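Notes for the one structure printed next.
The values are calculated or read from the model by the stated rules, or taken from the named source; none is laboratory data. A quick note: this is a predicted structure, and the numbers were derived from the prediction, not measured. We place every Cβ from the backbone using ideal geometry, glycine too, and count neighbours over all the protein chains shown.
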Amino acid sequence: MKKVTKEVYLKWYEDMLFWRKFEDKLAAAYIQQKVRGFLHLYNGQEAVLAGSLHAIDPKKDKLITAYRNHVQPIGMGVDPKRVMAELFGKGTGTSQGLGGSMHIFSKEHNFYGGHGIVGGQIPLGAGLAFADKYQGNDGVTLCYMGDGAVRQGSLHETFNLAMLWNLPVVFICENNGYAMGTSVARTANHTDIYKLGLGYDMPCAAVDGMNPVKVAEAVHEAVERARKGDGPTFLEIKTYRYRGHSMSDAQHYRTKEEVEEYKKIDPITQVLDIIKEKKYASKAKIEEINKRVTDRVKECEKFAEESPFPEKNVMYDTVYEQEDYPFLSHKL
Ligand SMILES: Cc1ncc(C[n+]2csc(CCOP(=O)(O)OP(=O)(O)O)c2C)c(N)n1
Ligand SMILES: [Mg+2]
């Protein structure tokens, strides 16, 4: 694995802080009704992405996930201004404002969404890996899902074929403890999700998802296995979301104390503590990073605010339409 150097720690700190603040801004914009529809935030889970990105080559490896999907495309190189604009429903957004929160997508950046159907992205992830294998590329697909998604039949059908066809894919369950308001313990007789791989003879492991180093090591091993033709891996990365499932969640299913316990092992704080302990950056340098993050988030907000809404015709241009259908008023 690439060494985890001082530069990597500083990058992790800045990236994760930016993702956190970017989403804090989205939460505020949601309350102001500038962002509408659903909004599922990733606060607390950032180390899963930071560690994963350290272990892949974004030029050839692919990411696909569910609807908690705002920061992954940014990590893969999509301009965050365009991500925020998408959430604001603006024409400058990644999908011209037509997708919104759950559907960020950028094929150019190897980010394949953004999927609202729980477990729907699992077979698609295997399909991306199949394409790479079929075309003789040596790319690997990281296919993320929540702990709720592992109870879908699509996971089992996909695991079977992915093993049978020896596909270059890493299945990653981000176990944040809950599927909406339902804890893992309430939906299964055992809580070791990674063991679902055993039934398919798929290499599998549980990983500490609050620590980017642990995530990077596990993902690296899995990616290398896939790249050299040894097939899929299933990782259960144990993490936690600080915010509710979406913006409309009264969170009666957990205590404030539980959330506070996890904040004690917050991934950003853990990385910052190491930076301080190893004297990787002075106080002034850390403050400089913090300011840069605040400024970048403001820039994104300004861009999204000032961008125009999409032209009406865009709505019609991107849906299937029968050429000779007679009753379309915009065509008259
Ligand atoms: C097939 C399907 N069933 C139900 C839903 C409603 N739903 C949306 S999110 C969700 C919970 C999923 O939880 P998890 O997979 O743990 O992901 P997390 O939200 O924790 O990231 C449910 C049941 C859905 N979108 N799709
Ligand atoms: Mg969950």
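A few comments on the model shown:
- Cβ-Cβ under 8 Å pairs, at least 6 apart or on other chains, the range 245-272 side free of Cβ contacts under 8 Å to residues at least 12 places away in the same chain and closer than 28 Å to residue 290 by Cβ, far side of a type in the set (Gly, Ala, Ser) and exposed (fewer than 11 other Cβ atoms within 10 Å of the Cβ): none
- Members of the range 224-244 that are among the charged types (D, E, K, R), assigned to a loop (DSSP other than H, G, I, E, B) and touching a residue at least 24 places away in the same chain (Cβ under 8 Å): 230, 241, 243
- Residue list for the range 276-296, restricted to those being touching a residue at least 60 places away in the same chain (Cβ under 8 Å) and either in contact with a strand residue (DSSP E or B) (Cβ under 6 Å, 6 or more places away or on another chain) or outside any helix (DSSP H, G or I) (or both): 278, 280, 281
- Checked against the criterion of being in a loop (DSSP other than H, G, I, E, B) and more than 10 Å from ligand 1 (Cβ to nearest atom), the range 175-187 contains not a single residue that satisfies it.
- Residues (within 16 Å of ligand 2 (Cβ to nearest atom) and within 19 Å of residue 228 (Cα to Cα)) located in the range 155-171: 171
- Exactly one residue out of 150, 213, 140, 170 is at pLDDT 95 or above, under 30 Å from residue 252 (Cα atoms) and of a type outside the set (Ser, Thr, Tyr), and it is 150.
- Within the range 188-223, being farther than 29 Å from residue 273 by Cβ, away from ligand 2 (no atom under 16 Å from the Cβ) and either outside any loop (DSSP other than H, G, I, E, B) or charged (D, E, K, R) (or both) holds for 195, 197, 198, 199, 200, 201, 204.
- Counting only residues that are of a type in the set (Asp, Glu) and surrounded by 12 or more Cβ atoms within 10 Å (Cβ to Cβ), the range 295-316 holds 3 of them.
- Subset of the range 297-326 (residues that are of a type in the set (S, T, N, Q) and either modelled with pLDDT under 85 or outside any loop (DSSP other than H, G, I, E, B) (or both)): 313, 318, 322
- Residue 115 within 13 Å of the chain's Cα centre (by Cα), within 16 Å of ligand 2 (Cβ to nearest atom) and modelled with pLDDT of 95 or more: yes
- Candidate set: the range 134-152, residues that are surrounded by 20 or more Cβ atoms within 10 Å (Cβ to Cβ) and over 30 Å from residue 246 (Cβ atoms); chosen: the one farthest from ligand 1 (Cβ to nearest atom): 139
- As a summary of the residue check, residue 150 satisfies the conditions (1) in a strand (DSSP E or B); (2) within 16 Å of ligand 2 (Cβ to nearest atom) except for the one numbered (1).
- Among the residues making up the range 245-273, those that are out of contact with any helix residue (DSSP H, G or I) (no Cβ under 6 Å at 6 or more places or on another chain), among the β-branched types (Val, Ile, Thr) and not in a loop (DSSP other than H, G, I, E, B) are 259, 269.
- Just so you know, in the range 156-174 the residues that are hydrophobic (A, V, I, L, M, F, W, C) and within 18 Å of the chain's Cα centre (by Cα) include one that is nearest to ligand 1 (Cβ to nearest atom), and it is 173.
- Pairs linking a residue in the range 135-163 that is closer than 15 Å to residue 199 by Cβ to a residue that is more than 11 Å from ligand 2 (Cβ to nearest atom) and in a strand (DSSP E or B), with Cβ atoms under 7 Å and 6 or more positions apart or on different chains, are 162/169.
- Every residue from the range 196-219 that is under 26 Å from residue 135 (Cα atoms) and under 17 Å from the mean Cα position of the chain (by Cα): 219
- Matching entry among 89, 119 (being within 13 Å of ligand 1 (Cβ to nearest atom), on the phi > 0 side of the Ramachandran plot and surrounded by fewer than 24 Cβ atoms within 10 Å (Cβ to Cβ)): 119
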